[in-house]
Amino acid sequence: ISDQKPLGCWSVKHGQILTCPVVCNFETHEYIAVHDDKVLRIWKNEDINLDKAFKATLSADVYRIHSLPSGGPLVLFRAGGVRTLDELLEAPQQEIENIISDEVIRWSGAFMEGQQPVLIFTTEKDGDFFVYVQNPKQSSVHKYKLEQQESSKPLCFTAHVTNQTVTLLCLYSNDSVYQVLIPLQQDNEEEEEEEEEEILSKSLLVNLSVSGTVLKGTSLVVLDKDHVAVLGSLAAPGKEPRECLTIWNTKFQTLQTSKELPLGTSGQLWCYEEKFFLIHGKVLTVIMYKCETSSLAAAVGKLKDSQTPDVSSFLNWNTLEDEELVVSFQSQESVALKEESRMSLRSRRSSAAKVQPETLSVGQLLLNLKDASTYVLEDELRKLMSKAPTPDLQATIGCVVTALTDRCKTNPKYYPQNFLLQIVETRDLSYSLCPDLMAVALEKKDMHLLQICLERFPDIPEEITYACLKAFLSISEDHLQSIDVNLDSVICYIDVESDDKEVKTEIVQNGFSAEMEQDMCDTKIPKEAQGRSDGESCPVGPHKAALLNSVLHSAYTETFLLPHLKNLPAGQAILFLRYLYYLYVKCSEKVNTTLPGIRSPTINQIMDWMCLLLDAHFTVMVMLPEAKELLSNLHKFVRAQVRFYSELNKIEGSLRELQRLNHLRESQTYSIEVLEII
């Protein structure tokens, strides 16, 4: 997620529908899916075609698959039956019992209590809600009825299991969260007791309203024993409802913090390993959080200065909108989220200045340096980076770069080019650690820094890659002469001496020569047009070539890059294609199809980008007269290459036989052999 790169994609056939969320089997590292209610599919990450993956048709409709880290996947059927995945694989067509009658499952969850898996699900029938607790290993099931609430009904559920007790939380339509406690029953209880339908009483946990503002919740997750997160719309009297992510202190019935989501959400919220996952606008947003033990002081935002520890944690809301780095000071009683941190920072800023520099945390130091002079800022940041390596050093360097880019945005005249270059060249950074760096470099037209970032960052978004490509193609050759650019990737195949003439080779290799091209083609190309577009001379200068090479090295996903690439102006697209064609010809001159030099583009990178560019601009290029000769020459060259490799394939058997005979021949024996190749 941090790299924003899809690692795999699988599709079912046309007409088939995935009918429950796909899960991962933690024990076997396999994916498990169900399509068309009954068809089970299991595959691994390296599998490409889902249709060829393992398939098992079950005897009943599946509602959900729950994957437990140490208990194996559990399959919950729509009729209420539960089986482990191993049991189903042994006999896929086994009969599944019907536990619920005329009831519809509304929610389910799976948990581990000790070494035993526990599956809980809620159902609805005629306005009544029921809770089922099952232990698949012990084949036990217990049914309960949820106490009715006048004029309101449950909207969503969540639960957790501790000390042999299920805590079920219910978000009701009356804007309140209720708690239901269900003790896990033992196996030795009487059957008569199990068959009794016990009515569960509930208690009010928290009312989702503050000073007349009511939260209309849509999704609920538990953070710890004292905090819950609710996603919904805040409705204030006389104002438009606005979607927010909120965290509530259930112990003291207070709203701990909230974050507005202006682009809207899908109404779903997930929580895993102290991270929130939600759909904000059209993107999946991941937000880190940290909860500490609750107290009344933390609940009302009144923490004493003396309680502030040296260690602070960061909560970066930049995934939602552009904001400066927010530093959240955790106390032993606080929830480290944005609004609370701002409140406490105001009260602590004066006292923080009195702390000795060596005792300051990274966040405190950056806040103190926010208004410092340029010299003091850079000097303190250099000292910070020169400290002994720590486990969070990389994150610290990212914060340093963020502090510098923030200063650049607030002060347009400030741009520490050399300092930023030094950091990027000597530190193991990534785009996600300093997301504003390349945007600032693009604004400042710092081509050298962009080149280094493209070569070193593994997680650059396609939008930024495209912006760099467009900037490199649009900048003039004259201006590039005055810019310091790393030429290591072009120095060995483009002569940067006088007149920018490249070094030619007269060796005919890999089946291509000017004569061969003319023999195989009917169309005659004027000589000056040939010299301009047939790949014999580089269409760009060495500086621009080096910058374009850094783009070729950048990782990308075709699906995300193509929409941006289609916006490239036609003239720049043709120039880029000319350069790619030039590289393609250069690679083909070598027996190993490899360009000399450090970080030179590979033949695969060149071919992939040529295909991308043609996919994005083929219609435009076919219509443009200036692109006709280029496309024609490219077609001829590729056709000559295909024919040459086709001829090689014909003699592949003979070449292998020669290789075998060469191994059998004694090295000290002199002989003359005549081999006839038919």
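The values are calculated or read from the model by the stated rules, or taken from the named source; none is laboratory data. All values derive from a computational prediction rather than experimental measurement. So basically every Cβ, Gly included, is an ideal-geometry build from the backbone, and we count neighbours across all protein chains shown. Note: accessible area is taken over every heavy atom of the protein model, side chains too, but ligands, DNA and RNA are not part of it. Shrake-Rupley method; radii C 1.70, N 1.55, O 1.52, S 1.80 Å.
Values as computed for the structure displayed
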quantity	calculated
Within segment 398-431, tally of residues that are open to solvent by 50 Å² or more (accessible area, probe 1.4 Å) and not aromatic (Phe, Trp, Tyr)	12
Among residues of segment 78-133, those that are outside any strand (DSSP E or B), touching a residue at least 24 places away in the same chain (Cβ under 8 Å), farther than 24 Å from Ser201 by Cβ and open to solvent by less than 20 Å² (accessible area, probe 1.4 Å), counted	2
Extreme residue, nearest to the chain's Cα centre (by Cα), among residues of segment 139-163 that are of a type in the set (Ser, Thr, Tyr) and open to solvent by 60 Å² or more (accessible area, probe 1.4 Å)	Thr162
Spans of helices (runs of 4 or more DSSP H) in segment 394-509 with at least 3 residues modelled with pLDDT under 85	417-426
Unmet criterion (only one of (1) touching a Leu at 6+ places or on another chain (Cβ under 8 Å); (2) modelled with pLDDT under 80; (3) assigned to a loop (DSSP other than H, G, I, E, B)) for Pro601	(2)
Candidate set: segment 232-248, residues that are over 31 Å from the mean Cα position of the chain (by Cα) and either within 19 Å of Ser173 (Cβ to Cβ) or not charged (D, E, K, R) (or both); chosen: the one surrounded by the most Cβ atoms within 10 Å (Cβ to Cβ)	Ala235
Scope segment 45-64; condition over 14 Å from Pro92 (Cβ atoms) and either modelled with pLDDT of 90 or more or open to solvent by less than 50 Å² (accessible area, probe 1.4 Å) (or both); matching residues	Leu50, Ala53, Tyr63, Arg64
Enumeration of residues in segment 432-466 that are open to solvent by 30 Å² or more (accessible area, probe 1.4 Å) and within 24 Å of Leu487 (Cβ to Cβ)	Leu442, Lys444, Lys445, Glu455, Arg456, Pro458
Within segment 254-293, considering residues that are part of a loop (DSSP other than H, G, I, E, B) and aliphatic (A, V, I, L, M), the one surrounded by the most Cβ atoms within 10 Å (Cβ to Cβ)	Leu261
